[in-house]
Amino acid sequence: MSSSSNTTGSNSSASSRNTSRLSATSSERVSMAFIKRALTPTASWTHKEEFLDAVYWLRQVLSIIIGVILGALSIKGLLGMIIFAAISSLIVFIYASNVQNVDPEEYGGMIEIIKEGFMTALATFLVSWIVLYSAFNEPKSTIPTI
């Protein structure tokens, strides 16, 4: 009786490993299909959430790029945050209206599309901006050296 339970246990263990391999492979296919669809102009979005996910990830990538550029250019203060908000919102607007040609009313209006993922992208922007700004600008000491 114990040998049959061991056989069953090892089979279930092997099948769970095969299932995890299959699910990893299928998720890789889904992510590659998602990236391809997000980069294809006027792609067909079967689910409303897929397009909003594409906007979210576009905004995340933009936030890192804008943060690196503004940090390297030593832009600081409120000006940097305004530049980020303007560029990020403009690119998302162009992506949704001109590249993907989606109907904004399906998503609650263009403002809702533009707001998608803004706060998390702002946090990502701030981290990349501060790190790059700090790397390129040494703090100037006010203590005189002897």
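The values are calculated or read from the model by the stated rules, or taken from the named source; none is laboratory data. Predicted model, so just to flag it, every value in this text is computed and none were measured. Note that we place each Cβ from the backbone using ideal geometry, even for glycine, and neighbour counts take in every protein chain shown.
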Which residue, of LEU78, LEU126, LEU73, LEU132, is exposed (fewer than 11 other Cβ atoms within 10 Å of the Cβ) and modelled with pLDDT of 85 or more? LEU78
What single numbered condition from (1) modelled with pLDDT of 95 or more; (2) crowded, with 18+ Cβ neighbours inside 10 Å fails to hold for ALA85? (2)
Take MET32 and tell me if it is assigned by TED's automatic domain parsing to the domain that holds PRO139, over 25 Å from ASN137 (Cα atoms), among the aliphatic types (A, V, I, L, M) and free of Cβ contacts under 8 Å to residues at least 24 places away in the same chain. no
Requiring at least 3 residues that are more than 29 Å from LEU39 (Cα to Cα) and assigned by TED's automatic domain parsing to the domain that holds LEU52, the helices (runs of 4 or more DSSP H) wholly within region 77-146 are 118-136
Would you call PHE93 aromatic (Phe, Trp, Tyr) and surrounded by fewer than 16 Cβ atoms within 10 Å (Cβ to Cβ)? yes
